Structures are given as C-alpha cells and as structure tokens.
1. Does at least one position in the stretch 97-104 carry a residue that is surrounded by fewer than 14 Cβ atoms within 10 Å (Cβ to Cβ), under 21 Å from Met37 (Cα atoms), at pLDDT below 85 and of a type in the set (A, V, I, L, M, F, W, C)?
2. For residues that are hydroxyl-bearing (Ser, Thr, Tyr) and farther than 24 Å from Leu95 by Cβ, scanning just the stretch 49-77, find the one that is modelled with the lowest pLDDT.
3. Mind checking which helices (runs of 4 or more DSSP H) fall wholly inside the stretch 3-70 and carry at least 2 residues that are over 26 Å from Ala96 (Cα atoms) and of a type in the set (A, V, I, L, M)?
4. When the stretch 1-45 is examined, which residues are found to be buried (at least 16 other Cβ atoms within 10 Å of the Cβ) and polar (S, T, N, Q)?
Amino acid sequence: MELDYTKIGKRIAARRRMLGLKQAEVSELADISNTYMSSIERAVSIPSTEVIMRLAQALDTTPDEFLVGTSRAGGEEWKSAAQYLLNMNGRKLDLAKKFLAWLSEQDL
C-alpha cells in the first residue's frame, strides 16, 4: 500500500481545523516545530510513525484517520495501544510496523 502524503497532510489539516486549532497549538501539543507542522500539512515533509502518533494524540484521533482516511470506533483502545509506540526508537517502531503488517494479514 502506497501512502499518499498529500492526502495525509490534508487530513491532518482538516482535523486541526475541525477542532478549531491553529498549527502552532498542534505543533506545541505534538512537540514539533511550527515549520515542520506546516511542511507536513503541505506534504513537503514526510512525518515519521512517531510524529503521526503524536499528531493523532494531539488531535484526539487515531493514526488511521490520517493514514487511510477512516477513524475506528473505540478510540480509547487505539490510544492505549498508541502509547506503547510513542517512546519507541526507530528500530522498535520498524519492528512494530512489520509485526502489525503481518498481524493484519492473519485470519484470526
């Protein structure tokens, strides 16, 4: 699945506007710079998994709303799972992504 970073940026901006927040407010909540926030929304910069997670938390949603355009019910479950990812380093995040990709393919 190829990610469309233009759509991701637009979804982040739409969610921010829906909540009535300015870029500066969201960037502070997500602990990123205002310039980086603007670049993500305009698809000039590609956010890491960690940044997507922080933005989802700052905008009170789940990462899938940004990545695929849908938000799952049961947001608390997603938030608690997302907490595990927030403090992972790059190697752990890469491993988590691979595991989740494998898990999503399983017929359980």
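The values are calculated or read from the model by the stated rules, or taken from the named source; none is laboratory data. Source: prediction; values computed, not measured. Every residue, glycine among them, receives a Cβ derived from its backbone with ideal geometry; neighbour counts consider all protein chains shown.
1. The initial filter retains those residues of the stretch 97-104 that are surrounded by fewer than 14 Cβ atoms within 10 Å (Cβ to Cβ), namely 97-104.
Checking the rest, the ones that are also under 21 Å from Met37 (Cα atoms) come to none.
The answer is no, given that none of the residues of the stretch 97-104 is surrounded by fewer than 14 Cβ atoms within 10 Å (Cβ to Cβ), under 21 Å from Met37 (Cα atoms), at pLDDT below 85 and of a type in the set (A, V, I, L, M, F, W, C).
2. Residues of the stretch 49-77 that are hydroxyl-bearing (Ser, Thr, Tyr), as a first pass: 49, 61-62, 70-71.
Then keep just the ones that are farther than 24 Å from Leu95 by Cβ; that gives 61, 70-71.
Details: Thr61: 88, Thr70: 71, Ser71: 60.
Top of the filtered list is Ser71.
3. On the way: elements: 5-18, 23-30, 34-41, 49-58, 63-67.
In the stretch 3-70, the matching helices (runs of 4 or more DSSP H) lie at 5-18.
4. Gln23, Ser27, Ser38, Ser39, Ser45, listed by residue number.
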